[in-house]
Amino acid sequence: MLLELAPLTVPAALGRLQSRVSGLAPGEVGDRRARFGPNRVAHEARETLLMQLLRRLLNPLNLLLLSLAGISVAMGDHEAAAMIVAMVLLSLTLSLVQERRSHAAARRLRAMVHTTAMVLRPPGAAAAAVPPAPVELPLDELVPGDIVHLSAGDMIPADLRVIAAKDLFVNQASLTGESLPVEKHAEPASPTASEIAALVNVCFMGTTVVSGSATGVIALTGERAYFGGVAHVVAAARAPSSFDRGVDRFAWLMIRFILVMAPLVFLINGLTKGDWVEALLFATAVAVGLTPEMLPMIVTVNLAKGAIAMSRRKVIVKRLNAIQDFGAMDVLCTDKTGTLTQDHVILQRHVDLYGQNSDEVFLYAYLNSAYQSGLRNLLDVAVLARGDAEDLARRTSASRKLDEVPFDFERRRMSVAVDLNGRHLLICKGAVDEVFAASVRGRAGGETLPLDASHRERLRQTVEALNGEGFRVVAVAIKELPREQRVCGIGDERDLTLLGYVAFLDPPKESAARALAALAAHGIEVKVLTGDNDVVTRRICREVGLGVTRVVVGSEFEAATPEERAALVREAQVLAKLTPMQKASVIETLQAQGHVVGFLGDGINDGPALKVADVGISVDSAVDIAKESADIILLEKSLQVLDQGVTEGRKVFGNVVKYIRMGASSNFGNMFSVIGASAWLPFLPMAPVQVLTNNLLYDFSQTAIPTDNVDEEYLAKPRRWEIGNIGRYMLCIGPISSLFDYATYLTMYFVFGATTPGKASLFQTGWFVESLLSQTLIIHVIRTRRLAFVESRASLPLMLTGLVACAVGVWLPYSPFREALGLRHLPLGYWPLLAAMLVAYLMLTHLTKTWFHRRFGLD
């Protein structure tokens, strides 16, 4: 289709698509929607419950457990197989329920984020004589044949044929990898099949408008679009985070550990006891006990809980693992507009070159803002919203627009050509330096002066004075055009006459100082990255309490070597006058120094930085490219919301690490306990069914970890995945559990006389109860650096699940199930000895944990 449209003229292309410049009538839209479906691509399709279930079943840990269940069935131990399957089902059920809850919350909130397009839709059934005003519609409502208007910052909503364009440049990096924008126009082209991405009169779904404006007719929507065919590749472009890799490494470490331990236990018990079938069943049960089968559930539920908690604050998490990346973030780069300021720009002054009020400057600034059709920013809105703008609109109603040169972030200015009372004028408005560079003379108070070096320095004093008062300053210049000239381009932006400046004020946000203090308290350094003036930015930072000792401008950063850039970004709190690619380079330089960097942006110029940041953050009111590039969408642009997100991220990470520390240290200790008991005892230290029952009860007690509280001091610093610290923790804490297991062995063997196979059930019951209670209670020590139960208490759900697991463990030897489980009554003297061992175990673990944190400097 696209190859067929490219060589056609605009009328022929419209005819081929059965469309017209005035747009499709309502009846035509309905017919085409029924025929082609909504404008969505494949990656937006929801997973069915069956697909989610299969995806989770294929997790390596679950596959290992199901394999062990199969071995149990083959050996005739159906009870063991049933318990293993019960563990898998427990993990799967909790994971699925929480995942579906989080996805439902995300869908509800995603409906609040609107990515739209400007579309021509005449209200009547027939074509209108005059094209109607464009209306804003969600992207999924578009159909082939729709006429859409494009401007800077828009995402191309579908594959379309350009029918009119003005200095249109499109970024196609998402499709071709080419970083430089490509110019598009409406003239016919003669492509070959191998050059489809190079079609100069076709724009592709998912690409973005960098500058200029255009009108196009939609050709292909949804999965029929070129982007639809490669959507899965684009969606999978992001590499796994350090958190993903860390969890996977731990899971595979445990699997390798099991593959060594299980055969070793099998051989020791087979050789020492002679019953190879029983040895195999016991080794299988031990393998199940060593498997961290709840890890996928703990990770999923923690992330889902974090997403739901953030959704209540109207924060949309597009990428679930971005929650954890929030917790690891130690540098936040942000623009000042809307974060440090109120995002409510007011036009305060319009002055000539000497700083005197000038109605002429306001007149030309108004005409420029009123007639430009590209990126209308807050400054244009402020000009048009000024109280006397309506009167000015009436007085200039006879004027008409001839042409425009759209804004882009390289020129940092835009111009309109206007017929004003018979005069053809080019009116240019933009950044002071860029307009100065295009001007050769100035005019003020009826006096015309050349913009030579001496005059430029004098005129700059006016700008510096306005900047010093906190105003954002935009320059205004004009140029007389020949009467016959009705079309203009970038080349016409020269030999301008500088008239003066319009000065805007965006007051500091009252909550900014508190939010910055909160971020600093949580170990996050804030750096301001802006394309704005450095003097204005420094003043705003001072007013909100952000200390600024070093300011770097874009030209200084660009000229620096890589080593010098590293020093600049390390020392500077403000980097001003940055281009879009310079913002991205600043973030990459920070990342190279080992920082986890978040970036908050909402403009076209923020797209590259959002992509390279570890956490890309945008807002619902942002341009399309910013929202598409972000991991997190804020429905309220606020640093305080970000601080809350950081807290949620660290809670998620903290609770996942609790389970991993617990599992790693427990399994390491169990290795010594099982191997020693297997080699020493003339019977199995615990029957296979008892191992599985113990593990099932322990797993149940851990299901509430995602609800647990996290200490304030843990939330005060960025948290990253460090497998080395987990390994050291395992080596320090693991042997303590083994020490008390051996104390239990000795107690049952020498105190209560469980020395022969005939008394094996007494020995096994004693270790069953001690093992379950010690594992279940020790999480309360491991979960905090403080003194457990006194200075830090677990959440109520975690305390209740632990209490239930312990109560069931104590009850089972006296329950109707004791014979089926091979348990028996314990002597009364066992219980005070058990209580003493548990208290000693908890105290010794606390002392070792305290030493560990001091020795390795961990919080």
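The values are calculated or read from the model by the stated rules, or taken from the named source; none is laboratory data. Note that the coordinates shown come from a computational prediction; the quantities given were computed from them, not determined experimentally. Here the Cβ is made from the backbone with ideal geometry for all residues, glycine too, and neighbour counts use every protein chain on show. Please note that ligands, DNA and RNA were not included when accessible areas were found on the heavy atoms of the full protein model with its side chains. Shrake-Rupley method; radii C 1.70, N 1.55, O 1.52, S 1.80 Å.
Determine the equivalent ellipsoid of the chain by diagonalising the alpha-carbon gyration tensor, then write out the semi-axes as square roots of 5 times the eigenvalues, largest first, rounded to whole Å.
Numbers: eigenvalues 894, 204, 78 Å².
Over the Cα atoms of the chain, the semi-axes work out to 67, 32, 20 Å.
With r as the distance between the Cβ atoms of THR850 and LEU828 and R0 = 30 Å, compute the FRET efficiency 1/(1 + (r/R0)^6) and round to 0.05. For LEU828 and THR850, the calculated efficiency is 0.30. Of all aspartates and glutamates in the structure, those lying under 16 Å Cα to Cα from LYS305, and not within fewer than 8 positions of it along the same chain, are GLU99, ASP325, GLU648, ASP708. The value of relative contact order for the stretch 745-859, using C-alpha pairs under 8 Å at least six residues apart, is 31 percent. Mind running the shape call on the stretch 721-823? Use the C-alpha gyration tensor, a ≥ b ≥ c as the square roots of the eigenvalues: rounded below 1.5 for a/c, prolate if a/b tops b/c, oblate otherwise. Because a/c hits 1.5 or more and a/b fails to exceed b/c, the stretch 721-823 counts as oblate.
Per-residue ellipticity at 222 nm computed for the chain from its helices equals -16000 deg cm²/dmol, with DSSP H segments shorter than 4 residues left out and the rest contributing -39,500 (n - 2.57). Structure shown: which of LYS611/LYS658; LYS611/LYS637; LYS627/LYS658; LYS166/LYS611 lie over 26 Å apart, alpha-carbon to alpha-carbon? From LYS611/LYS658; LYS611/LYS637; LYS627/LYS658; LYS166/LYS611, over 26 Å: LYS611/LYS658; LYS627/LYS658; LYS166/LYS611.
Between the residues SER555, ASN670, MET730, the greatest Cα displacement towards the positive end of the dipole of the chain, with unit charges on the Cβ of Lys, Arg, Asp and Glu, is found for ASN670. With the charge dipole of the chain set up from +1 on Lys and Arg Cβ and -1 on Asp and Glu Cβ about the Cα centre, the Cα lying farthest toward the positive end among the listed residues VAL202, PHE471, LEU692 is that of LEU692.
In the stretch 471-566, a dipole from Cβ-located charges (positive for Lys and Arg, negative for Asp and Glu) runs towards its positive end, and of ILE540, ALA521, ILE490 it is ALA521 whose Cα lies farthest in that direction.
Here the 3J(HN,Hα) profile of the stretch 687-696, calculated from phi with Karplus coefficients 6.51, -1.76 and 1.60 at θ = phi - 60°, is 5, x, 5, 5, 4, 5, 5, 4, 5, 5 Hz, Gly and Pro shown as x.
A crude spin-label estimate for the pair ALA437 and LEU796, with each label 7 Å from Cα along the Cβ direction, gives 6.4 nm. The aspartates and glutamates whose alpha-carbon is closer than 13 Å to the alpha-carbon of LYS318, local same-chain residues fewer than 8 away aside, are GLU44, ASP620, GLU628, ASP631. Each Cα pair under 8 Å and six or more residues apart adds its separation to the average, and for the chain the resulting relative contact order is 12 percent.
Taking a probe of 1.4 Å, how large is the accessible area per residue of the stretch 290-331, in Å²? Can you show the working numbers first?
Details: 940 Å² over 42 residues.
Ligands and nucleic acids excluded, the result is 22 Å² per residue.
From most to least packed by mean Cβ count within 10 Å, the peptides 275-287, 555-567 give 275-287, 555-567. Summing Cβ point charges (Lys, Arg +1; Asp, Glu -1) relative to the Cα centre of the chain gives a dipole of roughly 1620 debye. A simple spin-label model places pseudo-atoms 7 Å from Cα toward Cβ; at LEU267 and ALA198 they are separated by 6.4 nm.
Remark on ASP343: its backbone amide H falls under 5 Å from those of GLY338, a criterion applied only to residues 5 or more positions apart or on other chains, H modelled at 1.01 Å from N.
For the stretch 350-420, the dipole from Cβ point charges (+1 on Lys and Arg, -1 on Asp and Glu) about the Cα centre works out to 160 debye, to the nearest 20. Applying 1/(1 + (r/R0)^6) with R0 = 45 Å to the Cβ-Cβ distance of LYS314 and GLU484 gives a FRET efficiency near 0.25. I need the shape label for the stretch 421-551. Rule: rounded when a/c is under 1.5, else prolate if a/b > b/c, else oblate, with a, b, c from the alpha carbon gyration tensor. The shape class here is prolate. Dipole size of the stretch 442-542 about its Cα centre, with +1 on Lys/Arg Cβ and -1 on Asp/Glu Cβ: approximately 260 debye, rounded to the nearest 20.
Annotation for the stretch 703-745: trypsin sites (Lys or Arg not before Pro) lying in DSSP loop with at most 12 further Cβ atoms inside 10 Å of their Cβ do not exist. Between ARG55 and ASP419, the modelled labels are 5.9 nm apart [label points 7 Å from Cα along Cα→Cβ].
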